[in-house]
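First comes the structure, then the notes that go with it.
Quick note: the coordinates plus some simple rules give every number you see, no bench work behind them. Small disclaimer: the values here were computed from a predicted structure and weren't measured. So basically every Cβ, Gly included, is an ideal-geometry build from the backbone, and we count neighbours across all protein chains shown.
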Amino acid sequence: MKRVWFAVAFILLSAGLCIYQQCYVKTSCEKMFVILEEAQKFENAKDKDNRNKKIEELQRYWSARNNFLFAFSEHSTLDELAKNIRSLKAAHSMKSSLEETKVLVLIFYENERISFSNIL
């Protein structure tokens, strides 16, 4: 009987951690996406000061979140995303760099969310 309760507790713990990870990834990606969209708006309006502030905000947000994301997520996509976020200020073509980073955030979210295709 103890084995059954241990198995039930383990399944509940696993499900709870999975739900927490999914919520964490979703809120992180949504926040990064919003910051990137705001930076793009400032870039289109030729407002470099506010664009740079948004990029710094994104880099601070990434620094606060990346350790947890690296612990629970696939590293290949995260490595590319981290490289892009860290090098945004030094980018030659800011529009394309912002767009590429947005796409990487979406790819990361799609790869991490629970879906039937990700389970198979």
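Things to note:
- Cβ-based charge dipole, the chain, positive-most Cα from 98, 7, 84: 7
- Filter on 26/53; 26/48; 41/95; 26/46; 46/83 - keep pairs with C-alpha separation over 21 Å: 26/53; 26/48; 26/46; 46/83
- In this label model, residue 95 and residue 57 are separated by 2.3 nm, measuring between points 7 Å along each Cα→Cβ vector.
- Dividing the summed -39500 (n - 2.57) terms of all DSSP H runs of n ≥ 4 by the residue count of the chain sets its mean residue ellipticity at 222 nm at -29500 deg cm²/dmol.
- Across segment 17-90, Cα-Cα pairs more than 22 Å apart make up 25 percent of the total.
- Within segment 63-106, the trypsin sites (Lys or Arg not before Pro) that combine a DSSP coil assignment with at most 13 other C-beta atoms in a 10 angstrom radius are 89.
- Mean Kyte hydropathy of -0.5 or more with a Cα span along the axis of at least 18 Å, helices from DSSP in the chain: 2-44, 94-112
- Max mean-square fluctuation residue, GNM over the chain, Cα-Cα springs under 10 Å, options 106, 13, 88: 13
- Counting Lys and Arg as +1 and Asp and Glu as -1 over every other residue whose Cβ lies under 9 Å from the Cβ of residue 42, the net charge comes to +2.
- Residue ranges 43-50, 19-26 sort as 19-26, 43-50 when ordered by packing (mean number of other C-beta atoms within 10 Å per residue, highest first).
- Charge-dipole axis of the chain as Lys and Arg at +1 and Asp and Glu at -1 on Cβ define it, positive-most pick from 73, 19, 29: 19
- Multiplying the residue separation of residue 22 and residue 34 by 0.36 nm and subtracting their alpha-carbon distance yields 2.5 nm.
- Projected area, mean over directions - segment 69-120, Cα convex hull, nm²: 3.9 nm²
- Computed magnitude of the charge dipole of segment 38-107 (debye, nearest 20; Cβ of K, R +1, Cβ of D, E -1): 260 debye
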